[in-house]
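The values are calculated or read from the model by the stated rules, or taken from the named source; none is laboratory data. Just so it is clear, the structure is predicted and the values come from calculations on it, not from any experiment. Here the Cβ positions follow ideal geometry from the backbone for every residue, glycine too, while neighbour counts run over all protein chains shown. Surface areas here come from the heavy atoms of the whole protein model, side chains and all, with no ligands, DNA or RNA. Shrake-Rupley method; radii C 1.70, N 1.55, O 1.52, S 1.80 Å.
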Amino acid sequence: MGEILLVDDNRATRMFMATVLSKRGYTVTTASDGAQALKVLDECKNIQFVLSDWMMPGMDGIELCDRLKSGDYSRYIFFVLLSGKDDHESIVRGINAGADDFVVKDTKVEEIIARIQAGFRTLALHNEVLHQKLELDQAYATIKKDLDSAADLIRKLLPSKKKLNGVELSYVSVPSAQIGGDMLGYIQLDDNNVAFYLLDVAGHGVSSALMSFSVQQSLSAHSEKGSIVKFPIPKYPYYRITPPHEVLNQLNKIYQSDDDNLLYFTMVYAVLNVKTGLLSYSVAGHPPPVWLHSKGGNAEFVGQDGFVIGAFDFVDYTTSTIQLEPGDKFWVYSDGLTEAENGEQQYTEKRLIKTIKELYKHPTSMLTERLFDRVKNWQQSDQFQDDVSILVMEWTGFLKGEKLCDSRLSTVVNARFFK
């Protein structure tokens, strides 16, 4: 039924109580004082119920209770204090010492047994909660290990090459959790054209991360019939690069929300002709890109209003074009950057474009790190409430003779992940 440690310096009392409890089905171990009780508990790790007299020589019941209820003790003990005193002050003192129950010695046996039974029910509930907590801790440890592995895999996907023919890249991606819903990258479409994208799935965490990877796979997937970003045609050059708005239209069809999937995402998708500097882009509910001019350092927002992808089946997206000059930079970012908070203030797009202008003369390789640090310092915290991603593309002008990128590859770019 249960194991009890009975502690009392009176031998007759110990024998009587041990007999009564044994007849009720309890296994009883006895000790004559607090010091001996501690030794018994050290040897019998399965005992969690102590019924102890108050007044004993050496270590009394109050001191024993203090020792067993301290945070340093190895396990939980349900402690019942027995006393010959039946006064308010004694009860308060006993309970304050940490005793779970207080019983006067001349209490009827049946009441004592009832209180012991209630104590064992409480003990069983405590042990069940503790067991469930241990299981949850183990499950959490497993999940954390898996998330750490996923984050490590993302880091291993980082491209070592940040300079393409005619293009230089800089990027930062910082999830608010171990993994996030932002994704950015590039696709070498052919020798003359490179696509860039940044998407932000609603929310953050595992479900958002899985959807962002799924979208990335949709962009990079190839078959005999082509892909979303490029498909075959019968005449030379035997393929057609999909305009940005058509890419977004197709993604919107693929990722339409339903009752089982309520996720949606914003996105910027752009295609740069590295020979001419002509940049075509389309925006789906995403913060407006910034065009930083190499001459004079002027910066402006570009783009169009557009619906998010996956929420509505009736929308169409549009493609806009801008003519870059060598040294011009095209910035895209997630709203976790402009919505960074300092008290009741947000960083805002106004502060963003001001900071981009201030960073005008910095090398492209340092730009996103500098901007990220500026925002982090402004909010006076290293932790962001939402995922933050920044991608900067500079058109350096086309240089003949440089080694071209492998057009068969689609590389996901996720530059910095913080745990």
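A few notes on this one:
Residues checked against (1) at pLDDT 95 or above; (2) part of a strand (DSSP E or B); (3) open to solvent by 40 Å² or more (accessible area, probe 1.4 Å); (4) within 25 Å of Leu219 (Cβ to Cβ):
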site: Val271; (1), (2), (3), (4): yes, yes, no, yes
site: Lys295; (1), (2), (3), (4): no, no, yes, no
site: Phe312; (1), (2), (3), (4): no, no, yes, yes
site: Val332; (1), (2), (3), (4): yes, yes, no, yes
site: Arg351; (1), (2), (3), (4): yes, no, yes, no
site: Thr355; (1), (2), (3), (4): yes, no, no, no
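- Subset of segment 357-384 [acidic (Asp, Glu), surrounded by fewer than 14 Cβ atoms within 10 Å (Cβ to Cβ) and either touching a residue at least 24 places away in the same chain (Cβ under 8 Å) or within 28 Å of Val308 (Cα to Cα) (or both)]: Asp382
- Number of positions in segment 64-114 that are assigned to a helix (DSSP H, G or I), touching a Ser or Thr at 6+ places or on another chain (Cβ under 8 Å) and surrounded by fewer than 17 Cβ atoms within 10 Å (Cβ to Cβ): 1
- Scanning segment 318-330 for residues that are in a loop (DSSP other than H, G, I, E, B) and either modelled with pLDDT under 95 or open to solvent by 30 Å² or more (accessible area, probe 1.4 Å) (or both) returns Thr318, Thr319, Glu325, Pro326.
- Residue within segment 188-196 that is under 17 Å from Ser389 (Cβ atoms), open to solvent by less than 10 Å² (accessible area, probe 1.4 Å) and not in a helix (DSSP H, G or I) present: yes
- Of residues in segment 281-293 being within 22 Å of Asp387 (Cα to Cα) and in contact (Cβ under 8 Å) with a residue 60 or more places away in the chain, the one most open to solvent (accessible area, probe 1.4 Å): Pro288
- Any hit, segment 1-10, residues being surrounded by 13 or more Cβ atoms within 10 Å (Cβ to Cβ) and among the small types (Gly, Ala, Ser): yes
- Of the residues making up segment 116-141, those that are open to solvent by 80 Å² or more (accessible area, probe 1.4 Å) and either touching a Ser or Thr at 6+ places or on another chain (Cβ under 8 Å) or over 30 Å from Ile4 (Cα atoms) (or both) are Gln138, Tyr140.
- Residue in segment 197-212 that is touching a strand residue (DSSP E or B) at 6+ places or on another chain (Cβ under 7 Å), assigned to a loop (DSSP other than H, G, I, E, B), open to solvent by less than 40 Å² (accessible area, probe 1.4 Å) and among the hydrophobic types (A, V, I, L, M, F, W, C) present: yes
- Evaluation of Ile95 against the conditions (1) among the hydrophobic types (A, V, I, L, M, F, W, C); (2) within 49 Å of the chain's Cα centre (by Cα); (3) modelled with pLDDT of 90 or more shows that the sole unmet condition is (3).
- Scope segment 234-251; condition open to solvent by 20 Å² or more (accessible area, probe 1.4 Å) and either at pLDDT below 90 or of a type in the set (Ser, Thr, Tyr) (or both); matching residues: Tyr236, Pro237, Tyr238, Tyr239
- For Thr338, the test of being over 23 Å from Val194 (Cα atoms), modelled with pLDDT of 95 or more, buried (at least 17 other Cβ atoms within 10 Å of the Cβ) and among the hydroxyl-bearing types (Ser, Thr, Tyr) is passed.
- The residues in segment 297-310 that are part of a loop (DSSP other than H, G, I, E, B) and either open to solvent by 20 Å² or more (accessible area, probe 1.4 Å) or among the β-branched types (Val, Ile, Thr) (or both) can be counted, and the count is 8.
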